[in-house]
């Protein structure tokens, strides 16, 4: 049976463990972003299953809110954008280029989808689809936040670009132009289907925790708690996805 939009967004909020805020505010945006990072994993299961999905708002909402899955940036941030819009926030998509450490350069345009939310006191960078990034909204054009994930800094860079960075390296550069969803489709398809994409190199499923992060990388379970890292091998990837990420139906997924 199909669900109405109201039912889908109600399911989304239940998954996050929050109620709809009375009105848009920085406090509400911060809570929603934080809960999203704790409950909805960044994962590439569809890529590893060689089951690419068309990029659509309805499709990503179903994946996240109804099927209780995660996804990568295009999916997670588009689903979150739709939720914020439903809750009365003014929010738009921006394109970003992710830092490629091996080649020491930024990736192609539309390599990453992030969000900008407008509030009465200014505009904020919002991102629930990067993995281990900032956990709170960062005010444009310059801001800094420190939490269990470390220090993240947003600052103007070269003409027309802002740069998000950690103490050790750049993370991504971005422009603030409002972008339509279909502008991200070609790069999304590349990351879903190309053997050159980082997402085709092995299974990844990761989410923030209150004390650090938990990650399934291929068949290695990596837990970071208060800066202490432990690793273990798992012989049952499906069981690990269910136990640590609440993914009940991962499908036929190869770890490599």
Classified through the alpha carbon gyration tensor (a ≥ b ≥ c as square roots of its eigenvalues; rounded if a/c is under 1.5, else prolate when a/b is larger than b/c, else oblate), the range 136-201 comes out oblate
Only counting other Cβ atoms within 10 Å, I'd like 8, 148 sorted with the fewest neighbours first. 148, 8
Looking at the square roots a ≥ b ≥ c of the eigenvalues of the Cα gyration tensor of the range 92-179, which shape do they give, rounded for a/c under 1.5, prolate if a/b is larger than b/c, or oblate? oblate
Gaussian network model of the chain, Cα within-10 Å springs - most flexible of 216, 203, 233: 233
Between the range 81-120 and the range 188-253, the alpha-carbon center distance in angstrom: 22
Extension reserve of the residue 85-residue 31 stretch, reckoned as 0.36 nm per residue once the Cα distance is removed: 17.9 nm
Please state the shape class of the range 88-236: rounded when a/c is under 1.5, otherwise prolate if a/b exceeds b/c and oblate if not, all from the C-alpha gyration tensor. oblate
Could you give the spread of the C-alpha atoms of the range 198-245 along their three principal axes, from largest to smallest, in whole angstroms? 28, 24, 16
What relative contact order, as a whole-number percentage, does the chain give when Cα pairs under 8 Å and 6 or more residues apart are counted? 19
Quick check on packing: order 76-83, 51-58 by the mean number of other C-beta atoms within 10 Å, highest mean leading. 76-83, 51-58
Value of D in µm² per second that Stokes-Einstein yields for the chain, Kirkwood Rh from Cα pairs, at 4 °C (1.567 mPa s): 70
Residue-normalised 222 nm signal for the chain, counting each DSSP H run of n ≥ 4 as -39,500 (n - 2.57), nearest 500 deg cm²/dmol, is -7500 deg cm²/dmol
Label model pair residue 4, residue 168: point-to-point distance (7 angstrom along the Cα→beta-carbon line) in nm is 4.9
Relative contact order of the range 132-209: what whole-number percent is it, with Cα pairs under 8 angstrom and at least 6 residues apart? 16
If R₀ is 35 angstrom, what is the calculated FRET efficiency for the pair residue 155 and residue 233, using the beta carbon separation as r and rounding to 0.05? 0.30
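Rule-based calculations on the coordinates, nothing more; no lab input. Remember, predicted model here, so these are calculated numbers, not experimental data. Cβ: placed from backbone, ideal geometry, glycine included. Neighbour counts: every protein chain shown.
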